[in-house]
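Quick notes on the structure that follows.
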Amino acid sequence: MNISVLELAEMVTARLLPGDNDTMITGFASLREARRGDLSFFSDHRYRGWLAETKASAVLIPEGWTTLPPHVSGLIVKDPSVAFEKIVDAFGFHATPATVGIHPSAVVAEGIITDQTGVSIGANAVVEEGTQLGNHVSIGAGSYVGRNVTIGDNTQLFPNATIQEGCTLGARVILHSGVVIGADGFGYEFINGEHRKVRQSGIVQIDDDVEIGANTTIDRARFGRTWIGKGTKIDNLVQIAHNVVIGKHCIIVSGTGIAGSAQIGDYVVIAAQAGIAGHVNVGSMVTIGGRAGVTKDLPPGRESYMGFPATTAGEERRRVAASRRLPDLLDRVRELERANRNLEIKAIV
């Protein structure tokens, strides 16, 4: 990357503040990490302190913002984050596209694909019989696709992803490395002093445009299906148990665990390390805070929940504030008890 501020402005339709518009930009970084020659962006007024101290040579800024360090060239755009993403996409790292075809070390059952589908299957991957692959599917090195799996067009499996028998993936699904789709659900019955496995005979269905992060696991249903709705994005290291249903366009962040048969509505956001108990219903549009524990149904609506057991964010803040006052309250109680004992002693004397 070696481009002038003026050329960047033309690229993202930006209006330039007065300054040295011939400055050359050679990289991009956040406000805090940027160095001379870097481009950055500013879109949240909470970070104006970082903007004042940035060493970046140019910054994308929103309409109405004019205060910049003297060494910074300002590019005014409607949405700095979107404009920055456009520049990063043009000049940043892009993974090498998969080569169409089957690597010689891959093991692929007969009759699954033809040369016209644009399918890529990497080294040491295994694709079992009965599998149906859409056009331009990419299966990374070391991945495993079990019998009778269906994978839609333009879906990508990064290296070492696993799809077990009978599961279904829609179009444009992304599975990052280490993902396991369709492992047995965690089901046991305690009989005669032993934990005996309950057969898990269902499948996992993943709809179009879902992305699933590295080392996330989605268990097959005991019967029927575990179902991930269209457009949902799931972070790394998430556990989704058997017969869970997750709606459309949800966001589920790293470390979250969702127990069996929970039902999650559409457009739900679940922050890091949250836990959802089994058979709980979470309504659409709900936001669940980090490390919250949901133990009962939550109604639909634009409400945020925090804490354990999860309650509305306002109630949880009051609960936390009250708990912080407990040491002072205990000290006051002890003082009152001592004062009361002194009065009793004086009364006896």
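The values are calculated or read from the model by the stated rules, or taken from the named source; none is laboratory data. Since we're looking at a predicted model, the values are computed, not measured. Virtual Cβ from ideal backbone geometry, glycine too; neighbours counted across all protein chains shown. The accessibility values were calculated without ligands, DNA or RNA, using every heavy atom of the protein model including side chains. Shrake-Rupley method; radii C 1.70, N 1.55, O 1.52, S 1.80 Å.
Under 1.5 on a/c is rounded, so check that first for the range 8-92, then, if it is not, pick prolate when a/b is larger than b/c and oblate when it is not; a ≥ b ≥ c are the square roots of the alpha carbon gyration tensor eigenvalues. Provide the component values of the computation, followed by the final result.
On the way: a/c = 1.18, a/b = 1.12, b/c = 1.05.
It is rounded, given that a/c, with a ≥ b ≥ c, falls under 1.5.
Using only Cα atoms, figure out Rg for the range 103-241 and give it as a multiple of 2.2 N^0.38 Å.
So the Cα radius of gyration is 1.07 times the expected 2.2 N^0.38 Å.
At a probe radius of 1.4 Å, what is the per-residue accessible area of residue 85, in Å² to the nearest 10?
Rounded to the nearest 10, the figure is 120 Å².
DSSP loop (so not H, G, I, E, B), at most 16 other Cβ within 10 Å: list which chymotrypsin sites (Phe, Trp or Tyr not before Pro) in the range 87-151 pass both filters.
93
Could you tell me whether the range 108-180 comes out rounded, prolate or oblate from its Cα gyration tensor? Rule is a ≥ b ≥ c as square roots of the eigenvalues, rounded for a/c under 1.5, then prolate if a/b exceeds b/c, otherwise oblate. Working shown, then result.
Values: a/c = 1.23, a/b = 1.16, b/c = 1.06.
Rounded shape, in that the Cα axes give a/c under 1.5.
I'd like to check one number: the per residue accessible area of the range 3-91, probe 1.4 Å, reported in Å² as a whole number. Each step should come with its number before you reach the end.
Values: 5130 Å² over 89 residues.
Heavy-atom SASA per residue in the range 3-91 reads 58 Å².
Return the FRET efficiency for the residue pair residue 211, residue 325: r is the Cβ-Cβ distance, R0 is 41 Å, and the value is rounded to the nearest 0.05. It would help to have the intermediate numbers written out before the result.
Numbers: r = 44 Å, r/R0 = 1.07.
With a Förster radius of 41 Å, E is 0.40.
Putting +1 on Lys and Arg Cβ atoms and -1 on Asp and Glu Cβ atoms, find which of 113, 281, 217 reaches farthest to the positive end of the dipole of the chain.
Result: 281, furthest along the dipole toward the positive end.
Quote the accessible area belonging to residue 139 in square angstrom, nearest 10, computed with a 1.4 Å probe and with ligands, DNA and RNA left uncounted.
Per-residue accessible area (residue 139): approximately 0 Å².
Counting only DSSP beta bridges with both residues in the chain, what percent are antiparallel, rounded to the nearest 5?
Taking every DSSP beta bridge within the chain, about 15 percent pair in antiparallel fashion.
Applying 1/(1 + (r/R0)^6) with R0 = 22 Å to the Cβ-Cβ distance of residue 223 and residue 196, what FRET efficiency is obtained, to the nearest 0.05?
FRET efficiency, residue 223 to residue 196: 0.80.
The range 69-159: D in µm²/s via Stokes-Einstein (Kirkwood Rh, Cα pairs, 20 °C, 1.002 mPa s)?
Estimated diffusion coefficient is 138 µm²/s.
Let me check something: with ligands and nucleic acids excluded, how do 131, 13 order by accessible area (1.4 Å probe), largest to smallest?
Solvent-accessible surface, decreasing: 13, 131.
From largest accessible area down, sort 78, 233, 197, 346; use a 1.4 Å probe on the protein chains.
Of 78, 233, 197, 346, the descending order of accessible area is 78, 346, 197, 233.
Equivalent ellipsoid semi-axes for the range 168-241, as square roots of 5 times the alpha carbon gyration tensor eigenvalues: give them largest first, rounded to whole Å.
After diagonalising the Cα gyration tensor, the semi-axes are 27, 13, 8 Å.
Summarise the accessible area of the chain (1.4 Å probe, protein heavy atoms) by the percent that is carbon and sulfur.
Result for the chain: 52 percent of the exposed heavy-atom area is carbon or sulfur.
Might you work out the accessible area of residue 177 for me, using a 1.4 Å probe with all protein chains in place, and round it to the nearest 10 Å²?
The accessible area comes out at roughly 50 Å².
Work out how much length residue 88 to residue 48 would gain on full extension: take 0.36 nm times their residue separation and subtract the Cα-Cα distance, in nm to one decimal. Display every interim value, and only then the final one.
Numbers: separation 40, 0.36 × 40 = 14.40 nm, distance 2.20 nm.
Roughly 12.2 nm would be gained on extension.
Which entry is the computed Rg and Dmax of the Cα atoms in Å for this structure: (1) 20.8, 67; (2) 27.7, 105; (3) 21.5, 80?
(2)
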